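Enquirer: Structure incoming, see below.
The values are calculated or read from the model by the stated rules, or taken from the named source; none is laboratory data. Everything quoted here is computed from the prediction, not taken from an experiment. A quick note on method: Cβ atoms are made from the backbone with ideal geometry, for glycine too, and the neighbour counts reach across all protein chains shown.
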Amino acid sequence: MSVWTACWQGLGLAVGALLAVLSWLWITRPRTNAPGPTPLPLLGNLPHFWRKLPIVVNDFRKLQRQYGDVFRFYIGPKLILIATQPDDAKRLLVGCKMRERDDYTTRALIPFSGYGLIVNKGELWKTHRKLIEPTFHAEVLHGYTEAFNKGAQFLCSQLAEVNGNEVDISKMLLHTSFHFLTLSMYGISFDELEPDRKKQAVAVDVFISGLELIQVRTFGLAGTDTTATALSCIFALLGLYPEWQDAIQKEVDEIFGTGEDYLRPVTESDLTQLKVTEAVIKESLRLFPAVPVAPVFASEDIPLSDGRYVAPRGSVVFVFLNLLHRQPAIYPDPDKFDPGRFLEGGGTNALPPYSYLPFGAGSRLCVGARFAMLVMKTVLATVMRQFRIIPGSTREELEEIGVFITGKPVHGINIRCVPRTAPVTVDCT
């Protein structure tokens, strides 16, 4: 027998063994009575998603319209269920004794997040959570005020440098987020570490792909990419809906007054007064949560939709926040950008529990939620005093959100920022 014949026979045996394993996995796959597209043997519903890449949130909105608020699909033999109702969100995120991560999901995330809070399970997750929680205590966050202001001013300097030209604000904000990160974690400016802005941009890419420290990598991903994504959507929406940009600028004018002190640093007292600004942030996070899904591994059978369906043991359930936040029975005209929902009398006080979860819920509630809100309010209070935002991306482009760790618009987010004339005091005497 020739060498080539032996090689072909060995290859045939390997392929046969692989097909046998895949066939066994397919035959023994978890099953559910939840509706969903018809799967193909071995492949499941992979061809459904391969037809158009990247996978975007609108793909799941179409499935929701076709199959209802709970539906399923298969990635190979892996059963994935989608839940979009508050009661199911509560049962999955809070009701389960311990929210575990599925191995399929965590293996894909490890290159990006390392073995940190995002992917850890069991006792290791508890240990890491206890280690990182003190970083976000209220008394510690009070000490970050100077860092927040310096980071916001850095963004303004970047916006001034582009001189009103259209830019992809998401890239600029990711760069800015690293200024917040270095100032908050190390007490040193990114400019002091590397004065060259072009080299800083390269360093950001290296940081995302190569950090080896467990908690620094977790903090870096959660504290930069998600915050940058959220702020990018906020800026885009303010450009598309100038009446709310006017409302924020009226608010900051009232808080910061006029004259030479108008561009002073933002204080903790200022942040508590930014009611319109906070409402804009909350409404943007409703429409475009920075993290689109909260995955839950079913370590036991979990009833869904008041017991009509079951997520069987071994399956994964995605609490799909983008779909949860746009339930028309909860949010009238759900696709409309209306920050008034979150102002006094806007109706959000009467929302069903677990119908608004931009930072998740339960044991895996985002530990840096308050940090992120303080950053975003400081940035908006600083930028809105100095610039006017002109839209460069359409609402339709903004809705093309990729489904990954963070929900980023696949086309980027383009805006223009033009200098704003500061308010002046009118002497009526």
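Enquirer: For Pro295, only one of the following conditions fails: (1) within 25 Å of the chain's Cα centre (by Cα); (2) more than 23 Å from Arg364 (Cα to Cα); (3) surrounded by fewer than 22 Cβ atoms within 10 Å (Cβ to Cβ). What is its number?
Expert: Going through the list (1) within 25 Å of the chain's Cα centre (by Cα); (2) more than 23 Å from Arg364 (Cα to Cα); (3) surrounded by fewer than 22 Cβ atoms within 10 Å (Cβ to Cβ), Pro295 breaks only (2).
Enquirer: Pairs needed: first member in segment 51-74, closer than 17 Å to Tyr309 by Cα; second member anywhere, part of a helix (DSSP H, G or I); C-beta distance under 6 Å; at least 6 residues apart or different chains.
Expert: Gln64/Leu323; Phe71/Leu63
Enquirer: Would segment 299-311 turn up any residue that is over 20 Å from the mean Cα position of the chain (by Cα) and at pLDDT below 90?
Expert: Yes, some residue in segment 299-311 is over 20 Å from the mean Cα position of the chain (by Cα) and at pLDDT below 90.
Enquirer: Looking only at segment 124-170, which residues are surrounded by fewer than 19 Cβ atoms within 10 Å (Cβ to Cβ), modelled with pLDDT of 55 or more and outside any helix (DSSP H, G or I)?
Expert: Gly143, Val162, Asn163, Gly164, Asn165, Glu166, Asp168
Enquirer: Grab the helices (runs of 4 or more DSSP H) fully contained in segment 238-352, keeping just those with 3 or more residues being touching a helix residue (DSSP H, G or I) at 6+ places or on another chain (Cβ under 9 Å) and over 23 Å from Thr406 (Cα atoms).
Expert: Correct list: 242-256, 268-273.
Enquirer: Under 6 Å between Cβ atoms, which residue pairs at least 6 apart in sequence (or on different chains) link something in segment 410-429 that is modelled with pLDDT of 85 or more with a partner that is of a type in the set (A, V, I, L, M)?
Expert: Ile413/Ile169; Ile413/Ala236; Ile415/Ile169; Ile415/Ile389; Arg416/Ile390; Cys417/Leu159; Cys417/Ile389
Enquirer: Something else: Just give me the residues in segment 273-315 being aliphatic (A, V, I, L, M) and touching a Ser or Thr at 6+ places or on another chain (Cβ under 8 Å), in sequence order.
Expert: Ala290, Val291, Ala298, Val310, Ala311
Enquirer: Condition first: in contact with a helix residue (DSSP H, G or I) (Cβ under 8 Å, 6 or more places away or on another chain) and aromatic (Phe, Trp, Tyr). Now tell me which residues in segment 49-73 satisfy that.
Expert: Phe49, Phe60, Phe71, Phe73
Enquirer: Taking segment 41-66 as the search range and keeping residues that are of a type in the set (D, E, K, R) and under 23 Å from Leu321 (Cα atoms), which one is surrounded by the fewest Cβ atoms within 10 Å (Cβ to Cβ)? Quick ask: steps written out before the conclusion?
Expert: Initially, segment 41-66 is screened for residues of a type in the set (D, E, K, R), giving 51-52, 59, 61-62, 65.
Applying the additional criterion that residues be under 23 Å from Leu321 (Cα atoms) yields 52, 59, 61-62, 65.
On the way: Lys52: 10, Asp59: 15, Arg61: 16, Lys62: 10, Arg65: 8.
Residue satisfying both the conditions and the ranking: Arg65.
Enquirer: I'm trying to understand the selection: among the residues of segment 353-372, which are buried (at least 16 other Cβ atoms within 10 Å of the Cβ), touching a Leu at 6+ places or on another chain (Cβ under 9 Å) and either farther than 23 Å from Gly407 by Cα or not aromatic (Phe, Trp, Tyr) (or both)?
Expert: As a first pass, look at segment 353-372 and keep what is buried (at least 16 other Cβ atoms within 10 Å of the Cβ): 354-362, 364, 366-368, 371-372.
Narrowing further to those that are touching a Leu at 6+ places or on another chain (Cβ under 9 Å): 354-362, 364, 367, 371.
Listed by number, the residues that qualify are Ser355, Leu357, Pro358, Gly360, Ala361, Gly362, Arg364, Val367.
Enquirer: Name the residues in segment 317-347 that are of a type in the set (Val, Ile, Thr) and surrounded by fewer than 21 Cβ atoms within 10 Å (Cβ to Cβ), would you?
Expert: Ile330
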